[in-house]
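Worksheet: one structure, shown below.
The values are calculated or read from the model by the stated rules, or taken from the named source; none is laboratory data. All values derive from a computational prediction rather than experimental measurement. Virtual Cβ from ideal backbone geometry, glycine too; neighbours counted across all protein chains shown. SASA here: full protein model, heavy atoms, side chains in, ligands and nucleic acids out. Shrake-Rupley method; radii C 1.70, N 1.55, O 1.52, S 1.80 Å.
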There are 2 protein chains.
Amino acid sequence: MTTASDRAYDTIRAMILSGELSAGDALGEEALAERCGVSRTPIRDALRRLESDLLIRRTGTQRSFVSDWSLGDVGDAFELRAMLEGYAARRAAEAMTEDVMAQLRACNAAIGAAIAGQKPDVRTFLDRNREFHALVLDAAGSRRLTNLLTALIEQPVVWRTAHHYSHEAFQRSHSEHNDLLSAFERRDGVWAETVMMGHIRRAFHAYSDAHKGMTERERGVA
Amino acid sequence: MTTASDRAYDTIRAMILSGELSAGDALGEEALAERCGVSRTPIRDALRRLESDLLIRRTGTQRSFVSDWSLGDVGDAFELRAMLEGYAARRAAEAMTEDVMAQLRACNAAIGAAIAGQKPDVRTFLDRNREFHALVLDAAGSRRLTNLLTALIEQPVVWRTAHHYSHEAFQRSHSEHNDLLSAFERRDGVWAETVMMGHIRRAFHAYSDAHKGMTERERGVA
DNA sequence: CTTTGGCAAATTGTATACAATAAAGCCGGT
DNA sequence: ACCGGCTTTATTGTATACAATTTGCCAAAG
């Protein structure tokens, strides 16, 4: 079932990520309730969730604002992801089963197919990439780790970066996943951790470059 | 101001940690509302927070239960703490100021005083220890890191372990804090990280030993 | 004896009304 | 013109009522 609270969460989230609401904007519960077509109760629920995502910030008196994500903040998030997903990869390697391996191989094969042609299927790439990382996380078998990481991974601000990837960048990502598979096959936790950390850091640099380009373009327009 | 929602959160949390509610128990919103003397609205708020602490678990249909913390789960939490607080220590070392150093020294001096006599002041030790770690975390200067760690650190299940510490264990903890101060003075991030990770891991082993003793005692009674 | 169907009770989701609190505007004094 | 305190307004916190959904139970059929 899809509750009103979920819809409100998705709606507000989309408004923030699309730029319809920009950093620093005040988020009144009543105003949001009207825009989402629900009452304040599910809105309050949604705000709590968005707060734990750090997408909104609350003052001492519980007023909500869209939080501003500096490049440094995004860097932080990536650094933490690198550390935690690296750890997840290590644990996954140590606990890997043939069943999960098969799923991972299938998943990365799908990624390979999606980016084979001249015009890569970015949508499929993103979905499968997300699935790949979710499988690794799941294989690590730590609810708490999963809990911490989902908040960090679900940052569509970042996902959109992939739309600016070059052909080489897609191939590189695909190939790094293969390295990961090798490490898993050999139950080599340390190798898996190293590869994963590099994989995430590379993604950050890709984001960083794309972001720099975008802000420069924006500055040119303004 | 202390809101009803906060009181409800504290009350339910205390009920779980004290063992008044045991693992697997169902948490009906109405029943909790009555026990806390508030309505269901702030209870729902509190349950959301407890869920993100992983102190309670929710089924697909949103029913709440006290989650069971196996030794493995606690180990997970400590391992993540070691990694994240190690990272925090590294960053803190790199960004350390004389002002924060002074606060840290004062804090650890207070810890030293609290455990100097034959009968250590456990309460003061815990408060000051918490403050010490909070200062380090703050000095690391990453909101997101703080966000991730607070959920991991605020686990009174674990804090109570200190009541079973030996004289040596207290001294050891105090001395490790001093090592940390040395690393901070020298801006040696790697050293700080190593010391912090060891510090947390040691705490886990202390917990683990104490826990083992406790369950064995329980088994003897039953 | 097990299973399945549906009914009844309990539980959660949502809306709305009201109370408490903080922000903003206003006015008079300096 | 500027500042301090007061009043007004806007916003959030809480309680309660009702709707939607789930769970448990019991009876009847296989």
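Within the shell defined by Cβ-Cβ distances under 14 Å, the residues around A:Arg35 carry a net charge of -3, with Lys and Arg each +1 and Asp and Glu each -1.
Which one, B:Arg128, B:Arg201, B:Arg63, has the greatest fluctuation when you compute a Gaussian network model over chain B with C-alpha springs under 10 angstrom? Result: B:Arg63 has the largest fluctuation of those listed. Let me check I've understood the local charge: for B:Asp121, count other residues with C-beta under 11 angstrom from its C-beta, Lys and Arg +1, Asp and Glu -1. What total comes out? Here the count lands on +2.
Accessible surface for the protein assembly as shown, divided over its residues, is 50 Å² per residue with a 1.4 Å probe. Counting every alpha-carbon pair across chain B, the share separated by more than 32 Å comes to 27%. Taking the Cα atoms only, what angle lies between the long axis of helix A:189-221 and the longest principal axis of chain A, rounded to 10 degrees? Result, in degrees: 40. Comment: the Cα-to-Cβ extended label point of B:Thr61, at 7 Å, lies 4.3 nm from its counterparts in the other copies, nearest first. Using a Gaussian network model on chain B with a 10 Å cutoff between Cα atoms, which of B:Thr61, B:Thr161, B:Thr146 fluctuates the most? Per the Cα network of chain B with a 10 Å cutoff, B:Thr61 tops the list. Direction-averaged projected area, Cα convex hull, the protein assembly as shown: 25.8 nm², rounded to one decimal. Seen against the Cα atoms of chain B and their longest principal axis, helix B:98-114 is set at about 70 degrees. Taking the alpha carbon gyration tensor of region A:33-148, multiplying each eigenvalue by 5 and rooting it gives semi-axes of 34, 20, 16 Å, largest first.
With label points defined 7 Å past Cα in the direction of Cβ, position B:Gly19 shows copy-to-copy spacings of 5.8 nm, given to one decimal and shortest first. Computed from the Kirkwood radius of its Cα pairs, the Stokes-Einstein diffusion coefficient for region B:4-66 at 37 °C and 0.692 mPa s stands at 291 µm²/s. For region B:1-93, the residue among B:Ala33, B:Ser70, B:Ala88 whose Cα projects farthest onto the positive side of the dipole built from Cβ charges is B:Ala88. Charges were assigned to the Cβ only: +1 to each Lys and Arg, -1 to each Asp and Glu. The resulting dipole of the protein assembly as shown about its Cα centre is roughly 240 debye. Which net charge results when you count Lys and Arg as +1 and Asp and Glu as -1 among the other residues whose beta-carbon is under 14 Å from that of B:Ala93? Net of charged neighbours comes to -4. Using just its DSSP H runs of length 4 or more, each adding -39500 (n - 2.57), chain B gives a mean residue ellipticity at 222 nm of -24500 deg cm²/dmol after division by all residues. Within a straight-line Cα-Cα reach of under 29 Å, A:Lys119 can be paired with the following lysines, leaving aside sequence neighbours fewer than 8 residues apart in one chain: A:Lys212. In chain A, the longest principal axis of the Cα atoms and the axis of helix A:40-52 are about 40 degrees apart. When B:Ala113 is represented by a point 7 angstrom out along its Cα-to-C-beta vector, the spacings to that point in the other copies are 7.0 nm, nearest first. Counts of other chain beta carbons within 10 angstrom of each beta carbon in peptide A:81-91 average 2.
Put a dot 7 Å past the Cα of A:Glu154, heading toward its Cβ, do the same for A:Glu30, and the two dots end up 3.0 nm apart.
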